[in-house]
Amino acid sequence: MSIVISDEILQASQLSAGEFRQEIALHLFQTGRLTIAYASQLAEMSIIDFRQLLKQRNIPLYSYDVADFELDLKNLREIGRL
C-alpha cells in the first residue's frame, strides 16, 4: 500500500519527506500502534538510529503503566518476594 502526501501538505508542515515519515513513525510508536521494528522501517531508519531518535525526543522505549506495576506486585507477592 502506498500513501501519497501532497507537496502542499509537506510545505505546510515545513518538513522534508523523510522528516514527515519520521514524525508519523514516532507518533505511531509512541501510541503503541507500531512496534519499534515497524516504526523504524516506516521511518526508513535502522532500529539503532530510530532508538537514538526516540532518546533525543525523550520518548520511552518501553511503556510501563500502573496496571503493569500492579501485576508485578501481585506476581511478587505470589512467589513470596514481597
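Some notes on this structure:
- Restricting region 1-12 to residues that are of a type in the set (A, V, I, L, M, F, W, C) and part of a helix (DSSP H, G or I), the residue that is surrounded by the fewest Cβ atoms within 10 Å (Cβ to Cβ) is 12.
- Total residues in region 39-82, condition of a type in the set (A, V, I, L, M), surrounded by fewer than 11 Cβ atoms within 10 Å (Cβ to Cβ) and within 21 Å of residue 24 (Cβ to Cβ): 2
- Residue in region 26-33 that is aliphatic (A, V, I, L, M), loosely packed, with under 13 Cβ neighbours inside 10 Å, touching a helix residue (DSSP H, G or I) at 6+ places or on another chain (Cβ under 9 Å) and modelled with pLDDT of 95 or more present: no
The values are calculated or read from the model by the stated rules, or taken from the named source; none is laboratory data. Every value quoted in this text rests on a predicted model; they were computed, and no experiment measured them. Cβ: placed from backbone, ideal geometry, glycine included. Neighbour counts: every protein chain shown.
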